1. Tell me yes or no: at least one residue of segment 36-48 is surrounded by 13 or more Cβ atoms within 10 Å (Cβ to Cβ) and in contact with a helix residue (DSSP H, G or I) (Cβ under 9 Å, 6 or more places away or on another chain).
2. Checking Ile56 against (1) modelled with pLDDT of 95 or more; (2) under 22 Å from Lys2 (Cβ atoms); (3) of a type in the set (Val, Ile, Thr): exactly one of these is not met. Which one?
3. Do we find that Asp55 is touching a residue at least 24 places away in the same chain (Cβ under 8 Å), on the phi < 0 side of the Ramachandran plot and acidic (Asp, Glu) in this structure?
4. Please specify each residue of segment 1-35 satisfying the condition of being within 12 Å of the chain's Cα centre (by Cα), under 30 Å from Glu68 (Cβ atoms), loosely packed, with under 14 Cβ neighbours inside 10 Å and of a type outside the set (S, T, N, Q).
5. When you scan segment 16-45, how many residues do you find that are in a loop (DSSP other than H, G, I, E, B) and either modelled with pLDDT of 95 or more or closer than 23 Å to Lys2 by Cβ (or both)?
6. Which of the numbered conditions does Phe69 fail, given that it passes all the others? Conditions: (1) assigned to a strand (DSSP E or B); (2) of a type in the set (Phe, Trp, Tyr); (3) exposed (fewer than 11 other Cβ atoms within 10 Å of the Cβ).
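The values are calculated or read from the model by the stated rules, or taken from the named source; none is laboratory data. Since we're looking at a predicted model, the values are computed, not measured. Don't worry about glycine lacking a Cβ; one is built from the backbone with ideal geometry, like all the others, and counts go over all protein chains shown.
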Amino acid sequence: MKKVLEMTFKKEDDKLTKVMIVNARGDLTPAEVKAAMLNIINESVFSIGGAGLSDIHSAKVITTQEEEFDLA
């Protein structure tokens with residue numbers, strides 16, 4: 001199974017944007033995610049469309065399972 005951490009931020013222009021981390025650890029805690037998101041905001045890591053990130057909106061882990069078909 002694949003795990004993707006999806007972090008949604010509010011930007012300075014009041015629009016929302018998402019940052020996705022592929023292959024996220026399975027044992028992430030809400031406190032770790034919140035701390036990482038605050039660090040991303042405080043360090044001005046991203047500017048999207050000229051607007052920096054201003055606040056945390058939400059976060060979730062998306063788990064997917066892939067099954068390939070044997071087409072031989």
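1. Within segment 36-48, one or more residues are surrounded by 13 or more Cβ atoms within 10 Å (Cβ to Cβ) and in contact with a helix residue (DSSP H, G or I) (Cβ under 9 Å, 6 or more places away or on another chain).
2. Going through the list (1) modelled with pLDDT of 95 or more; (2) under 22 Å from Lys2 (Cβ atoms); (3) of a type in the set (Val, Ile, Thr), Ile56 breaks only (2).
3. yes
4. Once the filter is applied, which keeps residues that are within 12 Å of the chain's Cα centre (by Cα), under 30 Å from Glu68 (Cβ atoms), loosely packed, with under 14 Cβ neighbours inside 10 Å and of a type outside the set (S, T, N, Q), segment 1-35 yields Lys18, Met20, Val22.
5. Residues in segment 16-45 being in a loop (DSSP other than H, G, I, E, B) and either modelled with pLDDT of 95 or more or closer than 23 Å to Lys2 by Cβ (or both): 7 in total.
6. Status for Phe69: all satisfied but (1).
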